[in-house]
Structures are given as structure tokens and as C-alpha cells.
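Peer 1: For reference, the structure I am asking about is given below.
The values are calculated or read from the model by the stated rules, or taken from the named source; none is laboratory data. All of these numbers come straight from a predicted model, not from anything done at the bench. Here the Cβ is made from the backbone with ideal geometry for all residues, glycine too, and neighbour counts use every protein chain on show.
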Amino acid sequence: MASAVLLTMLVVGGEAAKFLDTVSKQAISVLHGSQREGEVRQCTCDEMKDCYDSSKHQALDCFEVCWKTEIQRFKLTDNPESLKACFDAKRPFVDQVINCFQEKVKACTENGEPGVRVKEYDYRDMIKRVEDAVNAQVNSFLQSIGNDNVKAVVNAGTAIAQCVKTCFLEKNKDGFCFNRIGCEPQIVDKNARVAIRQCSRSVQWKKEMETFCHCSSAAGINGLSSYCGMLQVIG
């Protein structure tokens with residue numbers, strides 16, 4: 001959820017096609033880099049759904065804790081609860097993105113049919129690789145703008161995201177969901193690209209991010225409103 005602020009800021013800096021191409025390439029790079037030599041069975045679709053749902057709920061629980069502890073350090077608005085409501089309103093959007101990706105990536109075996117043997121993932125390494133990729137994009141964005149208010153929003157979002165990561169890792173210190181049940185999804189490069197592109201269209205991310213941007217501006221974040229309309233002219 002905290003990454004929604006970062007995503008809003010980042011997508012205004014480039015065309016949608018270029019943005020999605022970058023996301024696809026980085027996602028595949030992360031997947032390849034975090035694969036290990038060990039093999040396990042392919043997950044059933046029910047197992048994959050259960051693990052995705054479990055991870056989502058863990059991340060949302062962490063966001064609730066991190067919002068309370070981190071937002072006080074940043075003077076973004078005099079009404080932080082109104083800003084929090086902007087995030088809460090996007091939970092159905094997050095569900096839609098996750099559900100779409102699960103369906104389109106075609107990484108599980110249906111109806112109990114035997115799956116193939118697939119490579120294991122190092123999820124701590126995967127999270128670190130995602131963090132490095134996001135930080136590179138954030139730093140590039142911060143260097144390209146001169147609006148101190150927007151920089152403050154990005155810095156706050158980064159701090160909350162870091163807190164969520166630490167909390168999430170602690171919740172999974174004894175092993176991640178796929179590790180515990182002994183299976184992995186089989187995410188093929190082609191299917192990952194298709195899933196990212198098809199889901200980005202079906203969830204209408206530009207409209208969702210624009211409404212989030214306007215909501216955040218109305219919640220008292222100064223200097224943000226001039227960026228909101230730009231989302232509709234991207235790509």
C-alpha cells in the first residue's frame with residue numbers, strides 16, 4: 001500500500017508503454033536473480049492463491065502498524081487520517097491487481113493435475129532486489145524534480161515502505177508461505193510479460209492513480225494537485 005505513493009510519483013515521469021516495459025524487464029530480472037538451484041513441485045492454484053492472500057494480509061497488517069509509527073515523523077498534512085483513507089480506498093484496487101496477476105501468469109497446476117519440477121526462490125533475496133530497483137527509480141525521480149513538497153511525499157512513502165519490509169520479513173522469519181508448504185509457482189518470462197501488460201489495462205491504473213492523487217491533495221498534501229492531471233495524458 002505504501003508503494004502507491006511512490007508509483008503515483010514515478011509514473012508521471014514517463015510514458016505508460018515505457019513504464020510497463022521497464023516494470024516487465026525489472027520483474028523478470030528479479031525473478032531470475034532470486035532463483036536457486038533446488039527444485040520443488042509446482043504449486044496447485046489453490047496453494048498459490050492461499051500464499052498470495054497470506055502475504056497480502058501480512059503486508060496490510062504491517063502497513064497499519066507502520067503508518068502509525070512513521071507518519072508522525074513527516075509533516076505532510078494536518079489531517080493524516082484523511083490521507084490514510086485515500087490508501088484504504090485503494091484496497092479493492094490492490095486485490096484486483098493481485099487476482100489478475102494470479103490468473104494471467106498461469107503459474108500453477110489446475111484441478112490437482114501433477115505439475116512439473118520448478119526452481120526454488122530465495123524470497124529474502126527477491127525482496128532485496130525489488131527494494132534496490134525501486135530505490136533506483138526513486139532516486140532518479142528525486143533528482144529530476146524541484147518540488148520540495150513532492151520530495152517530502154516520496155521520502156515519507158519510502159520510509160513507510162522500508163518499515164513494511166522489515167515487519168514483513170519478521171513475520172516470515174521462520175520461512176515464507178511457499179517454503180513452508182514445499183512448492184513454488186512456475187513463472188515463465190512470456191507469461192509474466194503478458195500478465196503485467198494485460199492487468200495494467202484491465203485495472204485502469206491511470207484512473208486509479210489519478211483519483212488517489214486527487215484524494216491525497218484534498219487531504220492536505222500541498223503541491224501535489226498539479227501532477228494529478230498528468231496521469232491521464234500519459235501513453
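Peer 1: Out of the residues in region 36-51 meeting the condition of being under 22 Å from Val194 (Cα atoms) and surrounded by fewer than 17 Cβ atoms within 10 Å (Cβ to Cβ), tell me which one is farthest from the chain's Cα centre (by Cα).
Peer 2: For region 36-51, the residue satisfying everything is Asp46.
Peer 1: Among the residues of region 124-145, is any in a strand (DSSP E or B) and either among the aliphatic types (A, V, I, L, M) or out of contact with any helix residue (DSSP H, G or I) (no Cβ under 6 Å at 6 or more places or on another chain) (or both)?
Peer 2: No: region 124-145 contains no residue that is in a strand (DSSP E or B) and either among the aliphatic types (A, V, I, L, M) or out of contact with any helix residue (DSSP H, G or I) (no Cβ under 6 Å at 6 or more places or on another chain) (or both).
Peer 1: Take residues that are modelled with pLDDT of 90 or more and tell me which of the helices (runs of 4 or more DSSP H) falling wholly in region 1-105 contain 3 or more.
Peer 2: Answer list for region 1-105: 16-33, 45-70, 80-88, 91-104.
Peer 1: A further question on this structure: Scan region 48-73 residue by residue and report those that are touching a Pro at 6+ places or on another chain (Cβ under 9 Å), touching a residue at least 60 places away in the same chain (Cβ under 8 Å) and not β-branched (Val, Ile, Thr).
Peer 2: Met48, Cys51, Trp67
Peer 1: Just the residues that are under 24 Å from Cys62 (Cβ atoms), of a type in the set (A, V, I, L, M, F, W, C) and not in a loop (DSSP other than H, G, I, E, B), please, taken from region 167-212.
Peer 2: The answer is Cys167, Phe168, Leu169, Cys177, Phe178, Ile181, Cys199, Trp205, Met209, Phe212.
Peer 1: Here's a follow-up. Please enumerate the residues belonging to region 84-116 that are of a type in the set (D, E, K, R) and surrounded by 17 or more Cβ atoms within 10 Å (Cβ to Cβ).
Peer 2: Answer for region 84-116, where residues must be of a type in the set (D, E, K, R) and surrounded by 17 or more Cβ atoms within 10 Å (Cβ to Cβ): Lys84, Lys90, Lys104, Lys106.
Peer 1: Next question. Asn139 passes all but one of (1) over 20 Å from the mean Cα position of the chain (by Cα); (2) surrounded by fewer than 18 Cβ atoms within 10 Å (Cβ to Cβ); which number fails?
Peer 2: Against the list (1) over 20 Å from the mean Cα position of the chain (by Cα); (2) surrounded by fewer than 18 Cβ atoms within 10 Å (Cβ to Cβ), Asn139 comes up short only on (1).
Peer 1: Examine region 148-166 for a residue that is outside any helix (DSSP H, G or I) and either more than 18 Å from Lys56 (Cβ to Cβ) or in contact with a Lys or Arg (Cβ under 8 Å, 6 or more places away or on another chain) (or both), and state whether such a residue exists.
Peer 2: Scanning region 148-166, I find no residue that is outside any helix (DSSP H, G or I) and either more than 18 Å from Lys56 (Cβ to Cβ) or in contact with a Lys or Arg (Cβ under 8 Å, 6 or more places away or on another chain) (or both), so the answer is no.
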